[in-house]
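Here's the structure, in structure tokens; my notes come after.
Coordinate-derived values only; no laboratory data. Owing to the predicted nature of the structure, the values given are computational and were not obtained by experimental measurement. A quick note on method: Cβ atoms are made from the backbone with ideal geometry, for glycine too, and the neighbour counts reach across all protein chains shown.
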Amino acid sequence: MKASDLFVQALESEGVEFIFGIPGEENLDLLDSLSRSSIRLVLTRHEQAAGFMAATYGRLTGKAGVCLSTLGPGATNLVTAAAYAQLGGMPMVMLTGQKPVKTSKQGQFQIVDIVDMMRPLTKYTRQIVSGGNIPSRIREAFRLAEEERPGATHLELPEDIAREDTDEPVLPQSMARRPVAEEKSIRAAVKRIEQARHPLLLVGAAANRRLTCRMLRRLVERTGIPFVTTQMGKGVLDETDPLFLGNAALSDDDFVHRAFDKADVIINVGHDVIEKPPFFMTPGGVEVIHVNFNSASVDPVYFPQVEVIGDIANSVWQIEEQISRQTHWDFARFMEVRSALIQHIQADASDDRFPIYPQRLVADIREFMPDNGIIALDNGIYKIWFARNYPAKQPNTVLLDNALASMGAGLPSAMAARLVYPERKVMAICGDGGFMMNSQELETAVRLGMHLVVVILRDDSYGMIKWKQAHMGFENFGMDFDNPDFVKYAESYGAEGHRISTEDELIPLLEKCHATPGVHVIDVPVDYSDNDRILNNEIAELSEKL
């Protein structure tokens, strides 16, 4: 058997459905083997987009997404996606080609040490030097990518190894059980929560597992403890619940931080310091119970006093089984925070200015999208507005990145979500800056026959950095640019292009686009002129008065 055939058989054994990427001449044996496989090759227009799609597939399914590139420049284009998956806790396996390693007449042409390059960005990176190593290397790459904490792994397959003969069998997957927290830590956590007067639940990204969601729901129903979510924890619990106090879209000075100030114990389920901090710990301040798969990474802003380490769902179940609702718990202050937050969010939800106000935009999209509809956000100032103002009702219905926080991921993430959930409404929401970083993937979406809506929030600038620039007291400089005509741009790829000219047009247009098959691009002019005033000043002033 040709080694590349064995390689593909091993991928099939791991349950691989898609490989996203761009092959090169060093992948041609592997490409030939894939042509006879059940695995679907999704040919993209840039390797970075392929990596974003693979990582999002991993995030949505819990199974490692797979992306492919050739050597040299193809492999270096995967670097940002590797960091995206690694920091975001998304299981992904990268496959790259290489020149022959035994004999080669091409000198050092295009050769970069990709294995070493990937080392700080992955959980595991190896060059395959023998066809007989393929089954064990693939098994290990997938096992480590999917094992908690999930992340990126990498395998390099040189072209002379790919065409070797081998008779090695594929290795089956092993059954694995995650370690569970020891009884002493559970008892310590329960005792501390019951003794508290104002306990508060914080839900982070690692809690976004199906069983953990169910266990957390049971815990909240049993105890009545209010909860807050991090940006990447959105939707783990229904954010329309009366006990939801808000999302920590900002790191401080929002209404939700008055709840953190009042809490005497924070039960932190699934958050770690890789995600931008939802609050800042100070010595002598609030006590934090860290519930996670792994022990805490101590940081100047995060140093929990109690750690419950093990399978999160099991830990939450054990706590829920042992804890009792306490009559001395007092959540009145938390409910004041919730009321003030809702009032502030609703105040501008029907603003009729145009270009559209971001608060109105978020409210309209929330009104339009069903409970299980998926929005995939690129990185920009609108991410804060959606994290803060858009209540997620189900897990993985708001796809955003608050770890690497890379631009350019919105459109590829939405495309991956469409492949995983073809029956759901899926919408990419991108700033004009982030959209143009991978806009070429419109051709991929059209070629694949996707039904996809892409909303471009156009302010003709890098709005997030402009907001930071204003907050620091600097003059606007170096942030403004020109855009193509997005309607014509979409049409040039075979997509449908649209543009709104009043704020009232958005919801009817979304309804039309979601009812009409195909790829739809909507140019939405947005008014960010009040970002600095509201996000940096007004929210802080109002929350301080609570």
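What the table below lists for this structure:
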| item | result |
| --- | --- |
| Given (1) 33.8; (2) 30.1; (3) 25.8, the label whose value is mean projected area of the Cα convex hull in nm² derived from this model | (3) |
| Potential extension, Arg214-Asp485 segment - 0.36 nm per residue separation minus Cα distance | 93.0 nm |
| Sparse-neighbour loop sites [GluC sites (Glu not before Pro); the stretch 343-450; at most 14 other C-beta within 10 Å; DSSP] | Glu423 |
| Shape category assigned to the stretch 183-333 from the gyration tensor of Cα positions, a/c cut at 1.5 | rounded |
| Using alpha-carbon coordinates, inclination of helix 47-61 to the longest axis of the chain, degrees | 60 |
| Length-normalised contact order for the stretch 429-468 - Cα pairs under 8 Å, 6+ apart - percent | 64 |
| Percentage relative contact order, the chain, counting C-alpha pairs under 8 Å, at least six apart | 13 |
| Contour minus Cα-Cα distance for Lys102 and Asp165 (0.36 nm per residue) | 21.2 nm |
| Charge tally in the Cβ shell below 12 Å around Asp272, where Lys, Arg are +1 and Asp, Glu are -1, Asp272 excluded | -2 |
| On Cα atoms only, tilt of 210-223 relative to the major axis of the chain in degrees | 10 |
| Extension gain, Glu541 back to Glu443 (0.36 nm per residue minus Cα-Cα distance, nm) | 30.6 nm |
| From phi via Karplus (6.51, -1.76, 1.60), per-residue ³J(HN,Hα) for the stretch 460-468 in Hz, x at Gly/Pro | 6, 6, 8, x, 4, 6, 4, 4, 5 |
| Neighbour count of at most 16 Cβ within 10 Å plus DSSP loop: longest chymotrypsin sites (Phe, Trp or Tyr not before Pro)-free window in the chain | 110-279 |
| With Cα atoms, 0 to 90° folded angle of helix 410-420 axis to the chain main axis | 80 |
| Sequence-separation-based contact order of the stretch 83-239, relative, with Cα cut under 8 Å and 6+ spacing, percent | 23 |
| Under 9 Å, Cβ to Cβ, from Gly97 - net charge with Lys/Arg +1 and Asp/Glu -1 | -3 |
